[in-house]
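Peer 1: The structure's right below; bear with me while I get my questions together.
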Amino acid sequence: MILALIAGASGVVLQTAAANAQSSDSTRGYDGQALRYESYWGNATIIRGADGPVVGTAGWFRSFDVEKLVAASPSAQAEARRYNTSNYRGSLVGSIGAAATLIGVVITANSSNNASTPILIIGGVGAMAWSAQQFKTAYSALSRSLWLYNRDVARSSQPPPAVGRTESTK
């Protein structure tokens with residue numbers, strides 16, 4: 001009889017330990033699936049989890065597929081598309097603006113009396129300013145995309161609410 005009690009108690013302890021191990025497995029929960037990004041010098045490193053692996057780097061002319069990364073959330077995918085569009089526009093127009101400004105400065109430095117130099121410089125600076133706004137829009141969309149993905153991951157990792165009798169069902 002004592003052996004049966006000990007065997008029963010050890011079975012309960014082992015089942016509780018197994019349940020605790022499954023609930024603390026962070027690779028399946030929110031802590032292991034959440035995405036965040038750290039930015040530096042126009043680039044953004046996307047990291048999974050608190051101390052997890054780098055899953056991608058986004059930035060100027062970087063073709064990282066954020067849409068595929070946040071595919072679990074349709075609203076996050078829409079923001080990821082907005083990020084890709086704005087980042088591409090900002091990269092392209094910013095590069096063209098920098099080239100136009102540089103060409104205008106070089107022409108001016110050669111002491112040529114050319115009417116196109118102020119137009120090139122002003123147009124190039126204007127294009128770079130517009131591209132800075134596109135980058136701001138892109139990184140805002142990236143932030144929203146990751147936030148929406150994390151929100152949906154948190155909802156899917158929570159257990160469903162307990163169904164019980166309420167006052168209206170009595």
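Peer 1: Could you give the size of the charge dipole of the range 65-158 about its Cα centre, using +1 on the Cβ of each K and R and -1 on the Cβ of each D and E, expressed in debye and rounded to the nearest 20?
Peer 2: Numbers: 8 positive and 4 negative charges, 48 e Å.
Charge dipole of the range 65-158: 220 debye, to the nearest 20.
Peer 1: Which of the peptides 69-82, 102-115 is most tightly packed, and how do the rest follow, going by the mean number of other Cβ atoms within 10 Å of each residue? It would help to have the intermediate numbers written out before the result.
Peer 2: On the way: 69-82: 18.2, 102-115: 11.8.
Per-residue mean Cβ counts within 10 Å order the peptides as 69-82, 102-115.
Peer 1: While we're on this one: Quick check: from the Cα gyration tensor, does the range 65-158 come out rounded (a/c under 1.5), prolate or oblate?
Peer 2: prolate
Taken together, the values in this text are just the output of simple stated rules run on the coordinates, not laboratory data. Since the structure is predicted, the reported quantities are computational estimates derived from the model, not experimental observations. Don't worry about glycine lacking a Cβ; one is built from the backbone with ideal geometry, like all the others, and counts go over all protein chains shown.
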